[in-house]
Amino acid sequence: LNIYESIYKNALTGSIVIADAQNLIAKLEINGTERISFKLKTPGETDSRGMIDASVETGHPFHVYKITDRRQLKPGTLLYTLHFASREFMRNLRTKVSQAYDSRLDFMVQRIHTDKEYLDSRKPLKFEPCGNSDKVVIPNLRPFDAIQMIANKAIPEKSGGVGYFFYETTKAFHFRSWESMVTRKGAELRTPKQTF
């Protein structure tokens, strides 16, 4: 079982390699619209930071979107890989944003993130406030592409630097600048080495 998160990817993805001796793939008719739920915990961890909760009851289950690498290991045993992603990944594939916004850029991202017609995310969004407002017309783009378009224009309120990222971790979505990711404890800006 692999789970992938990156500041360069908008959503969580993962894969699970299955050695199937019961021919489950034929009996259950896995076609790529199923959900995968699980809980993973680091041994010895006592708080929720060390746990990934993808259960239906308390967490956010993943959705299967692809089956690859089918091969027969031996007679009666099939090996294949199920690829899965977060619910927002699937919503991104199925919806488009066609709207004009006129406000602070981080507010625009919040609206796309929670709007029931777009991402309709149930996960929290942790964002760094933007220092700029703008008029943005989104011309029929997928939600992640629309957010990336907004991120390209965003300027942080505190530092005035550039380079916003929108990404998902196992706990939340993040919309923040590169500079805020490399600060001391996420709050104290580093002093510049040179000013030009």
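The values are calculated or read from the model by the stated rules, or taken from the named source; none is laboratory data. As the structure is a prediction and not an experimental result, all values here were calculated from the model. Ideal geometry is used to build each Cβ from the backbone, glycine not excepted, and the neighbour counts take in all protein chains shown. For accessibility, only protein heavy atoms count, side chains too; no ligands or nucleic acids. Shrake-Rupley method; radii C 1.70, N 1.55, O 1.52, S 1.80 Å.
Among residues that are open to solvent by less than 70 Å² (accessible area, probe 1.4 Å) and either among the polar types (S, T, N, Q) or out of contact with any strand residue (DSSP E or B) (no Cβ under 6 Å at 6 or more places or on another chain) (or both), Thr46 is not included.
Which one is nearest to Phe89 (Cα to Cα), of the residues in region 146-163 that are open to solvent by less than 10 Å² (accessible area, probe 1.4 Å) and without any contact (Cβ under 8 Å) to a residue 60 or more places away in the chain? Filtering first and then ranking leaves Ala146. For Ser133, the requirement of being among the hydroxyl-bearing types (Ser, Thr, Tyr) and open to solvent by less than 20 Å² (accessible area, probe 1.4 Å) is not met.
Scanning region 133-169 for residues that are among the basic types (Lys, Arg) and within 23 Å of Arg122 (Cβ to Cβ) returns a single hit, Arg142.
In this entry, Tyr65 is excluded by the filter for residues that are assigned to a strand (DSSP E or B) and more than 18 Å from the chain's Cα centre (by Cα). Do you know which residues across region 68-97 are assigned to a strand (DSSP E or B) and in contact with a Ser or Thr (Cβ under 6 Å, 6 or more places away or on another chain)? Of everything in region 68-97, those that are assigned to a strand (DSSP E or B) and in contact with a Ser or Thr (Cβ under 6 Å, 6 or more places away or on another chain) turn out to be Thr68, Asp69, Thr81, His83, Ala85. When region 57-104 is examined, which residues are found to be of a type in the set (Asp, Glu), within 23 Å of Ala11 (Cα to Cα) and open to solvent by 20 Å² or more (accessible area, probe 1.4 Å)? Those that are of a type in the set (Asp, Glu), within 23 Å of Ala11 (Cα to Cα) and open to solvent by 20 Å² or more (accessible area, probe 1.4 Å): Glu57, Asp69. Identify, from the list Pro139, Pro124, Pro143, the residue that is open to solvent by 50 Å² or more (accessible area, probe 1.4 Å), modelled with pLDDT of 90 or more and within 28 Å of Lys66 (Cα to Cα). The conditions single out Pro124.
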